[in-house]
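Peer 1: Shown below is the structure under consideration.
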Amino acid sequence: MLEYRYADGKADQLPLLANELVEQHPRLIVGVASEAAVALAKATSTIPIVSATGDVDFVGLGLAKSLDKPGGNVTGVTISAGEAAQLRVELLQKTVPGLSTLVVLMHPSNSANQRLLSMMDDVAKRLGVKIQPVSVARPEDLEGAIATAKASGAQAISSLQGPFFSFRESCSVICVRRTGLHSR
């Protein structure tokens, strides 16, 4: 039997949902966000947890002692999100003529986002691009974020990690056209 729990973008609900799952005594729990993996790890040290995010800093978040000998009950695959974020800035700078301002959407509850934003900013400064972070806590905030990007004169929008940036159909696809920012 599979049990599902969704926080619907409300990170404060994750500890409650994690405890509900642990009380079911499952043989395994899968979390699909770094915030979920952290909440699950705090709820149990015995039930195996698989992080299905692909972009979790296991060591930085305290989920593993090291990557070569993690210990604990949390496992998963990790990718270098920092390098990917930096490459997005470089790619946008090469593909968007005259890119001078890049709005970066970020969910405020994701602890990795400040580190990723800093890494993006390092590359952006070298390329002469200004990074403007915009907090998006709920899918309903996307319209306002796009309006902010337009008002600031941004030529492109990128996003960092968030519970709905990748997994929700309500997230708009943002395109860059020569005439400005458009959402569809």
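The values are calculated or read from the model by the stated rules, or taken from the named source; none is laboratory data. Keep in mind the model is a prediction, meaning the values are calculated, not measured. We place every Cβ from the backbone using ideal geometry, glycine too, and count neighbours over all the protein chains shown. Ligands, DNA and RNA are excluded from the accessible area calculation, which covers all protein heavy atoms including side chains. Shrake-Rupley method; radii C 1.70, N 1.55, O 1.52, S 1.80 Å.
Peer 1: Check G62 against each of (1) under 21 Å from the mean Cα position of the chain (by Cα); (2) under 28 Å from E140 (Cβ atoms) and name the one condition it does not meet.
Peer 2: Of the numbered conditions (1) under 21 Å from the mean Cα position of the chain (by Cα); (2) under 28 Å from E140 (Cβ atoms), the odd one out for G62 is (2).
Peer 1: Moving on to the next point. For segment 31-69, give me the residue count where each residue is at pLDDT 85 or above and either open to solvent by less than 60 Å² (accessible area, probe 1.4 Å) or not in a helix (DSSP H, G or I) (or both). So that I can check it myself, show each step before the final result.
Peer 2: In the first step, residues of segment 31-69 are kept if they are at pLDDT 85 or above; the result is 31, 36-51, 62-65.
With either open to solvent by less than 60 Å² (accessible area, probe 1.4 Å) or not in a helix (DSSP H, G or I) (or both) added as a condition, the list becomes 31, 36-41, 43-51, 62-65.
Result for segment 31-69: 20.
Peer 1: Identify all residues within segment 84-115 that are within 21 Å of the chain's Cα centre (by Cα), in contact (Cβ under 8 Å) with a residue 12 or more places away in the chain and open to solvent by 70 Å² or more (accessible area, probe 1.4 Å); write none if there are none.
Peer 2: Correct list: R88, P108, S111, R115.
Peer 1: Considering only residues that are hydrophobic (A, V, I, L, M, F, W, C) and in a helix (DSSP H, G or I), look in segment 1-30 and name the one that is nearest to A81 (Cα to Cα). Before the answer, list the steps.
Peer 2: To start, the set of residues in segment 1-30 that are hydrophobic (A, V, I, L, M, F, W, C) comprises 1-2, 7, 11, 14, 16-18, 21-22, 28-30.
Checking the rest, the ones that are also in a helix (DSSP H, G or I) come to 11, 14, 16-18, 21-22.
Working: A11: 21, L14: 23, L16: 28, L17: 26, A18: 25, L21: 28, V22: 29 Å.
Here the residue is A11.
Peer 1: If we only count strands (runs of 3 or more DSSP E) wholly inside segment 70-184, which ones have 3 or more residues that are modelled with pLDDT under 85? Please lay out each step first, then the result.
Peer 2: Details: elements: 74-76, 101-106, 130-135, 156-159, 174-177, 180-183.
Once the strands (runs of 3 or more DSSP E) in segment 70-184 are filtered for at least 3 residues that are modelled with pLDDT under 85, what remains is 174-177, 180-183.
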